[in-house]
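Written out below as structure tokens is the structure these notes cover.
The values are calculated or read from the model by the stated rules, or taken from the named source; none is laboratory data. These numbers were taken from a predicted model, which means no experiment stands behind them. Neighbour counts are summed over all protein chains in view; Cβ atoms, including those assigned to glycine, are modelled from backbone coordinates with ideal geometry. These accessible areas exclude ligands, DNA and RNA; they are computed on the full protein's heavy atoms, side chains included. Shrake-Rupley method; radii C 1.70, N 1.55, O 1.52, S 1.80 Å.
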Amino acid sequence: NAGVMQNPRHLVRRRGQEARLRCSPMKGHSHVYWYRQLPEEGLKFMVYLQKENIIDESGMPKERFSAEFPKEGPSILRIQQVVRGDSAAYFCASSLGQSSGNTIYFGEGSWLTVV
Amino acid sequence: QQQVKQSPQSLIVQKGGISIINCAYENTAFDYFPWYQQFPGKGPALLIAIRPDVSEKKEGRFTISFNKSAKQFSLHIMDSQPGDSATYFCAVGILTGGGNKLTFGTGTQLKVEL
């Protein structure tokens with residue numbers, strides 16, 4: 001019974017490169033969330049997606065960041081032209097639905113380092 | 001604007017003692033109050049959660065106390081153990097129509113000493 005799977009676990013990119021982070025939700029879950037955790041800080045909501053739809057992207061930076069959750073395959077968080085300030089842990093989470101009582105389960109994170 | 005304030009930032013407790021972490025929120029629309037535990041290099045894991053229709057919820061050694069009028073809630077860890085040493089995050093959310101989006105506190109680093 002696999003949980004939320006994220007890969008890669010660790011990623012190093014040079015400034016200006018692209019970073020792609022992948023997330024496979026728990027089996028049966030159709031709601032995916034991305035959060036970012038900067039060093040010594042709490043998690044900040046970025047985006048909430050359902051299959052083929054972005055439901056809430058109020059936490060996404062306006063430029064360089066995008067997310068998708070296609071009909072088939074994992075959810076992807078894409079960061080273009082990375083800068084040092086993008087270095088953080090990116091956590092994906094999933095839930096069965098959005099109604100009361102649906103627990104959100106987190107993956108183990110993808111640690112991005114921009115050099 | 002910080003929607004949830006968590007304190008203390010760090011906490012050292014002796015084995016067997018009680019660990020208490022507090023959170024305060026502003027928006028009365030929040031109706032879901034979970035606590036997450038995070039070990040280094042790992043993702044947050046749900047410990048316990050409460051809805052505003054009850055004032056207390058207990059699961060094993062972990063208890064949430066909720067004060068709706070004061071807009072505060074706290075996590076109590078009874079008989080704290082070295083294995084409880086981790087970072088604890090409170091969060092707030094709006095479940096009904098809110099899409100399960102959570103706003104997290106800044107975390108409390110708990111160390112339980114022998």
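Straight distance only, please: which lysines reach the Cα of A:LYS27 with their own Cα at less than 28 Å, same-chain residues fewer than 8 apart left out? Correct list for A:LYS27: A:LYS44, A:LYS51, A:LYS71, B:LYS42, B:LYS101.
The Kirkwood hydrodynamic radius of the protein assembly as shown, based on inverse pair distances between different Cα atoms, is 18.1 Å.
Just checking the listed ones, A:LEU77, A:LEU38, A:LEU21: in the Gaussian network model of chain A with Cα springs under 10 Å, the one fluctuating most is A:LEU38. The accessible surface of the protein assembly as shown, taken with every protein chain in place and a 1.4 Å probe, is 48 percent carbon and sulfur. Within segment A:1-105, the trypsin sites (Lys or Arg not before Pro) that combine a DSSP coil assignment with at most 15 other C-beta atoms in a 10 angstrom radius are A:ARG9, A:ARG14, A:ARG15, A:LYS27, A:LYS51, A:LYS62, A:ARG64, A:LYS71. For chain B, the solvent-accessible area works out to 48 Å² per residue, with a probe of 1.4 Å and every protein chain left in place. Exposed loop sites, defined as GluC sites (Glu not before Pro) outside DSSP H, G, I, E and B with at most 11 other Cβ atoms within 10 Å, are absent from the longest region of chain A, namely A:73-115. For chain B, modelled as a GNM whose springs connect Cα atoms under 10 angstrom apart, the maximal fluctuation among B:SER74, B:SER55, B:SER85 occurs at B:SER55.
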